[in-house]
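Just so it is clear, none of the values below were taken in a lab; they were calculated from the coordinates. Remember, predicted model here, so these are calculated numbers, not experimental data. Cβ placement follows ideal geometry from the backbone for every residue including glycine, while neighbour counts extend to all protein chains displayed.
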Amino acid sequence: MSHKENSGIVYQGNLYRLKKLMKLAKQGGEFTIGFIGGSITQGSLATAPTKCYAYLVYEWWTKTFPQSKFHYVNGGIGATNSLYGAARAWRDVLVYRPDFVVVDFSVNDEFTSFFQETYEGVIRKVYAAEKSPAVLVLNNVFYDTGVNAQDYHNEIAKYYQIPCVSMKESLYAQIIQGTLERSLMTQDNLHPNDKGHALLAEELTALLEAVYQDLDIEDIKALYPKQPFTANRYENAKLYQIQNSVPILDGFHVDTREKTGMLDLYKNGWIGGKRGDSITFKINASVISIQYLKSITKPRPVAEAIIDGDKEHAVKLDANFEETWGDCLYLQNVWNKDKKEMHEVEIKIIESHEDDKGFFYLVSLITD
């Protein structure tokens, strides 16, 4: 498979699953094309859902294999990382039994070993899904700095022989070389506009097209590694909300509003508002993260997380968001150990204000 200059294909990987899917699509059938990631996958700054890169990649499948029927599943949620991705992959994407999945978290994950582990949780969960989907790793990038987490992410991808396409080596490289004007594809140096989404999709479909042209060249089925690359505590990450947990409520109350879809983010949780309000969970875990609403509509209450009664090491949970781009589905790590044990997690409001513009909204707890 040949690569063009400034190609985004930074790792070809094993193409057995992708070629198998394409051969089946040539014969005619029904298939599902899925995506999981952050705001770029969701389609941020595209003028319409059909203008985002994910839909354009889906269209490549429909146009290339008109004899088949394809379904589109977009599991992008803005400002979310692979920790949340591991906890929601089944609910938002894998439940639809996809045959092909693009995984995108390289600008939302920090470039640390912790997020390498959470990322492996996503990859293992997707790669081992029921229909053995063809998986493609997408590395987005900050177009002003060239920063992303691809070194950590692609180490995982290579371990599982999954193809990687990077915007750092393609679109960002063109910007640095002066052959692409940054302002024409992104207004905020991160989220593509319609032109940017089209360019991003071209990099992904370039790989798909190259694989399609080499379809007659047989690939050997990849061997799935018996041992994970990291400690792999997140492959079976659990997300606790009102449907599957019964915490002790002291001032907090259940949000009874109905959730209307994947992007209806602030539902199925718990609400607290006054100083002293608390909610307490009993959790068997080695890692614990708390997901809550940080809002630009301020002031809001401030809470703290107390693990096993250790008030000295309480973790502050501030619902006041200092950014200006909008509310954030924030995920705060509060416990990270090697051994899985029972823990008491108390979340308590420690500060509220007479002029509060909203409540403290606890969305979920995520554990291993």
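A few points about this structure:
- The chain - share of DSSP beta bridges that are antiparallel (%, nearest 5): 65
- Candidates per GluC sites (Glu not before Pro) in segment 330-368, loop by DSSP, up to 12 other Cβ within 10 Å: E354
- Cα-based Rg / Dmax (Å) for segment 253-335: 13.7, 40
- Contact order normalised by residue count of segment 238-367, Cα under 8 Å, 6+ apart, percent: 37
- Calculated [222 nm] ellipticity per residue, helices only, for the chain: -7500 deg cm²/dmol; basis is -39500 (n - 2.57) per DSSP H run with n ≥ 4, divided by all residues, nearest 500.
- Sequence-distant contacts, meaning Cα pairs under 8 Å at least 6 residues apart, place the relative contact order of the chain at 18 percent.
- Span from the segment 13-35 Cα centroid across to the segment 101-147 one, whole angstrom: 20
- Applying 1/(1 + (r/R0)^6) with R0 = 25 Å to the Cβ-Cβ distance of S286 and K311 gives a FRET efficiency near 0.70.
- Estimated dipole of segment 9-213 in Debye, rounded to 20 [Cβ of Lys and Arg +1, of Asp and Glu -1, Cα centre]: 860
- Antiparallel bridge percentage (DSSP; both residues within segment 238-367; nearest 5): 95
- Cleavage-rule hits, chymotrypsin sites (Phe, Trp or Tyr not before Pro), segment 239-330, DSSP coil, Cβ neighbours within 10 Å at most 14: W325
- Other residues whose C-beta falls under 12 angstrom from the C-beta of K131 contribute a net charge of 0, scoring Lys and Arg +1 and Asp and Glu -1.
- Among P66, P98, P247, the largest mean-square fluctuation in a Gaussian network model of the chain (Cα springs under 10 Å) belongs to P66.
- Amide hydrogen proximity for H343: with H placed 1.01 Å from N in the peptide plane, the residues at 5 or more positions away or on another chain lying under 5 Å are I283, N284, A285.
- Distances between placed amide hydrogens fall under 5 Å for V334 paired with I288, S289, I290, all partners being 5 or more residues away or on another chain.
- Other residues with beta-carbon under 12 Å from the beta-carbon of G273 carry, at +1 per Lys or Arg and -1 per Asp or Glu, a net charge of 0.
- Positive-end residue, segment 1-124 charge dipole about Cα centroid, Cβ charges, pick of T41, V103, L15: L15
- Using the Cβ-Cβ distance between D250 and F114 with R0 set to 41 Å, the FRET efficiency works out to roughly 0.80.
- Distance violations [Cα-Cα > 21 Å] among K26/K69; K294/K340; K63/K168; K168/K226; K267/K357; K267/K339: K294/K340; K63/K168; K168/K226; K267/K339
- Relative contact order [Cα under 8 Å, 6+ residues apart], segment 9-213, whole percent: 27
- Rounded to the nearest 20 debye, the dipole magnitude of the chain is 1080 debye, with +1 charges on Lys and Arg beta carbons, -1 on Asp and Glu beta carbons, and the Cα centre as origin.
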